[in-house]
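Enquirer: Please read through the structure below; I'll follow up with questions.
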Amino acid sequence: MRAVVMNEVGSAEVMEFVDLPELVATPGHVVVEVAAAGVNFMDIGVRQGMAWTDRPNPKILGVEGAGRIVALGYGVDGFAIGDRVAWVYAPGSYASHVLISTDALVRLPDTIDDQTAASLMMQGLTASHFATDFYPIQPGDTALVHAAAGGVGLLLTQIIRLRGGQVIGRVSSTDKVDVAKAAGAHHVIVDTQGTFADEVLFLTGGEGVSVVYDGSGPKTFQGSLAALRRSGTFCWYGPVLGGPGPLDIMSLPKSIKIGYATFFDHITTPERLRARTEQLFRWIHDGSIKVHIGGTYALSHAARAHADMESRATTGKLLLIPPREGSA
């Protein structure tokens, strides 16, 4: 099999495309031939030494993807060779093949292609958690969505609109404005310095927004606080860019509520994983939401995909496409 490993903590150059022994299906697990693997900021965090520190190097990167089952382990029930499946968290997904517990798999309907599924799992479940669970959007709510042209931001914007909310999106450059508006953002603010709060307050008549979804790091933290209405909710996410530092809870303004949201709390059992994913698939099928694939890369070019994502110049979802069996 072919895979992308990191040999040490560092920049994208520590990643290498290598040949490894073929996988063998173990009890309760299947081997999946990967059709597409998602690129996530989580992967960059692993590469930078912020996660998976208990796993020795070299280790295969990636957690998300879609593909077809090619081998079954002992005791596997409910899946068969040839089934199309997707997953949100299976370490080692930057590879031509991955070994996955059946508890982590969802079956793909014929209406969902592999690249759509690989684009939807982590970012779609994250956006679903934010807008339906962490802060259930109600009709008339106004949300501030940071990185509104990114993969999470675009899906989050669409789900907020589905639930009757309005979206003020923040993007880092003018060339991302149209992408955010196409997803349904009512207003889009271009900002790189964290000075967006005054414009948000102007757009909301001085009231502020019901909820802020902020994964942009410390630079935007104070502005997000200022942009909230009284008793508003602050959804903080995304560890790669760092946190705001220690907080004095008695200094928080306007009776706001603040929390750190992770998608795992949305899918705590296989049953919840499949139910949440089936809802996303239904929304895709009926046209309620769409994924925006911002770039596809050969698996061997994973380092380039990481560098592009870190540049903050990309929009939507980035995917890695492994070589097909028998190809070079």
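Enquirer: Say we look at region 266-292 and pick out the residues that are touching a residue at least 40 places away in the same chain (Cβ under 8 Å) and not in a helix (DSSP H, G or I); which of these is least open to solvent (accessible area, probe 1.4 Å)?
Expert: The initial filter retains those residues of region 266-292 that are touching a residue at least 40 places away in the same chain (Cβ under 8 Å), namely 266-267, 270, 273-274, 276-281, 283-285, 288-292.
Next, only the ones that are not in a helix (DSSP H, G or I) stay: 267, 288-292.
Working: 267: 21, 288: 43, 289: 2, 290: 143, 291: 38, 292: 76 Å².
Ranking the qualifying residues of region 266-292, first place goes to 289.
Enquirer: Look through region 293-302, keep the residues that are of a type in the set (A, V, I, L, M) and over 15 Å from residue 122 (Cα atoms), and return whichever of them is surrounded by the fewest Cβ atoms within 10 Å (Cβ to Cβ). Write out each step before concluding.
Expert: Initial filter on region 293-302 (of a type in the set (A, V, I, L, M)): 293, 298-299, 302.
Okay, now just the ones that are also over 15 Å from residue 122 (Cα atoms), so 298-299, 302.
Working: 298: 13, 299: 22, 302: 27.
Among them, the one singled out is 298.
Enquirer: For residue 38, state whether it is at positive phi, in contact with a Ser or Thr (Cβ under 9 Å, 6 or more places away or on another chain) and not acidic (Asp, Glu).
Expert: Working: at positive phi: no; in contact with a Ser or Thr (Cβ under 9 Å, 6 or more places away or on another chain): yes; not acidic (Asp, Glu): yes.
No: the conditions fail for residue 38.
Enquirer: Also, quick follow-up: If a residue must be in contact with a Gly (Cβ under 8 Å, 6 or more places away or on another chain), small (Gly, Ala, Ser) and open to solvent by 20 Å² or more (accessible area, probe 1.4 Å), how many such residues does region 11-48 contain?
Expert: The qualifying residues number 3.
Enquirer: Would you mind finding the one in 319, 299 that is of a type in the set (A, V, I, L, M) and within 21 Å of residue 107 (Cβ to Cβ)? Give the steps one after another, and end with the answer.
Expert: Details: 299 fails: within 21 Å of residue 107 (Cβ to Cβ).
Residue meeting the stated conditions: 319.
Enquirer: What residue, of 221, 196, is surrounded by fewer than 24 Cβ atoms within 10 Å (Cβ to Cβ) and farther than 30 Å from residue 47 by Cα?
Expert: On the way: 221 fails: farther than 30 Å from residue 47 by Cα.
The match here is 196.
Enquirer: Another question, then. Is it fair to say residue 123 is outside any loop (DSSP other than H, G, I, E, B), touching a Leu at 6+ places or on another chain (Cβ under 7 Å) and crowded, with 17+ Cβ neighbours inside 10 Å?
Expert: Values: outside any loop (DSSP other than H, G, I, E, B): yes; touching a Leu at 6+ places or on another chain (Cβ under 7 Å): yes; crowded, with 17+ Cβ neighbours inside 10 Å: yes.
Taking the combined requirement at face value, the residue satisfies it.
Enquirer: Please find, among 77, 103, the residue that is acidic (Asp, Glu) and without any contact (Cβ under 8 Å) to a residue 60 or more places away in the chain.
Expert: Details: 103 fails: without any contact (Cβ under 8 Å) to a residue 60 or more places away in the chain.
After ruling out the rest, the residue left standing is 77.
Enquirer: Could you check how many residues of region 1-19 are within 19 Å of residue 36 (Cβ to Cβ) and out of contact with any Lys or Arg (no Cβ under 9 Å at 6 or more places or on another chain)?
Expert: So the answer is 4.
The values are calculated or read from the model by the stated rules, or taken from the named source; none is laboratory data. Not measured: the values here are computed from a predicted model. Please note: Cβ atoms are built from the backbone with ideal geometry, for glycine as well, and neighbour counts cover all protein chains shown. For the accessible areas, the whole protein counts, side chains as well, though only heavy atoms, and no ligand, DNA or RNA atoms are used. Shrake-Rupley method; radii C 1.70, N 1.55, O 1.52, S 1.80 Å.
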